[in-house]
Structures are given as C-alpha cells and as structure tokens.
Amino acid sequence: QVQLVESGGGLVQPGGSLRLSCAASRSIFSIIHMGWYRQAPGKQRELVATITDGGRTNYIDSVKGRFTISRDNAKITTYLQMNSLKPEDTAVYYCNVFTSTMDYWGKGTLVTVSS
C-alpha cells in the first residue's frame, strides 16, 4: 500500500519561509498530478497547488507569487516552497497524488504562521 509522508511543517513568523516535502513509499503509476491542499481550523480543505507529470503548475490566487510547487519524478516526491508567509496561511497541509485509478493522501503537516 502506498503511503505519502509529509515533512517540513512548523512554526514560522510572518514573512518567513518553509519548505514542505512529500515522499511516496513506493512507485506510483499513471500519475496525473501531485499537489498540496490545506485545511485551516473551521474551514474546508482547499487546493493550494498542483503540478502535472509534464511540469504544468496551478495555484490558488492567494498564494501566487509566494508559493512554488515542484517535483522529483525519480523520487516520487513533491515540494512546496512557501515564502512571505502570512497568518492566514496557517493550516494543516496535505500532500495528494492523483492517478488514473487512485487518489492518495498524506496525513498532513501543520504550518503555523504567528509572531
């Protein structure tokens, strides 16, 4: 069974940076895209960014210009570089791998932006 393991969350001051990583425990085939979602307290989970196998990226408006998603296909790993963090970025961030047959999720990593 495939597991996605996130790392890199933590506490950071406003304006700071964090880099999240997500690694798959085994090979995954027919990946359509890899991505990051987040869920803030009392809110629904929302898409943050996705990246296709060909490298096409998509971001929600609130993170454009601040966050960058990337991937290492050989390692089946995706990264989310988060710069200029704001308190409203505080959430649990979840890694997602979407394939033609399955939808995999990590358990989440908490990002807290606070002074």
query = Which ones in the stretch 69-106 are of a type outside the set (Ser, Thr, Tyr), assigned to a loop (DSSP other than H, G, I, E, B) and closer than 16 Å to VAL48 by Cα?
reply = ASN83, LEU85, LYS86, GLY106
key: Number of the condition not met by SER115 [criteria: (1) more than 17 Å from SER27 (Cβ to Cβ); (2) within 13 Å of the chain's Cα centre (by Cα)]   = (2)
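Each row is one residue, and each column tells you yes or no for (1) of a type in the set (Gly, Ala, Ser); (2) more than 17 Å from LEU4 (Cα to Cα).
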| position | (1), (2) |
| --- | --- |
| ILE28 | no, no |
| GLY42 | yes, yes |
| GLY55 | yes, yes |
| GLY65 | yes, yes |
| ARG71 | no, no |
| ALA91 | yes, yes |
| THR112 | no, yes |
message = Suppose we filter THR90, THR50, THR78 for residues that are within 14 Å of VAL111 (Cβ to Cβ), of a type in the set (Ser, Thr, Tyr) and either at pLDDT 95 or above or open to solvent by 80 Å² or more (accessible area, probe 1.4 Å) (or both); which single one remains?
response = THR90
Pairs where the first residue, in the stretch 54-80, is closer than 16 Å to PHE98 by Cα and in contact (Cβ under 8 Å) with a residue 60 or more places away in the chain and the second is surrounded by 10 or more Cβ atoms within 10 Å (Cβ to Cβ) and among the polar types (S, T, N, Q), C-beta under 8 Å, 6+ apart = TYR79/SER21; TYR79/SER70
message = What are the pairs with Cβ atoms under 8 angstrom where one residue, in the stretch 23-34, is over 13 Å from PHE98 (Cα atoms) and of a type in the set (A, V, I, L, M) and the other, located anywhere, is open to solvent by 80 Å² or more (accessible area, probe 1.4 Å) and modelled with pLDDT under 90? Sequence gap at least six, or different chains.
response = ALA23/LYS75
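The values are calculated or read from the model by the stated rules, or taken from the named source; none is laboratory data. These numbers were taken from a predicted model, which means no experiment stands behind them. Note that each Cβ is placed from the backbone with ideal geometry, even for glycine, and that neighbours are counted across all protein chains shown. To get the accessible areas, we keep the full protein, side chains included, count just its heavy atoms, and leave off ligands, DNA and RNA. Shrake-Rupley method; radii C 1.70, N 1.55, O 1.52, S 1.80 Å.
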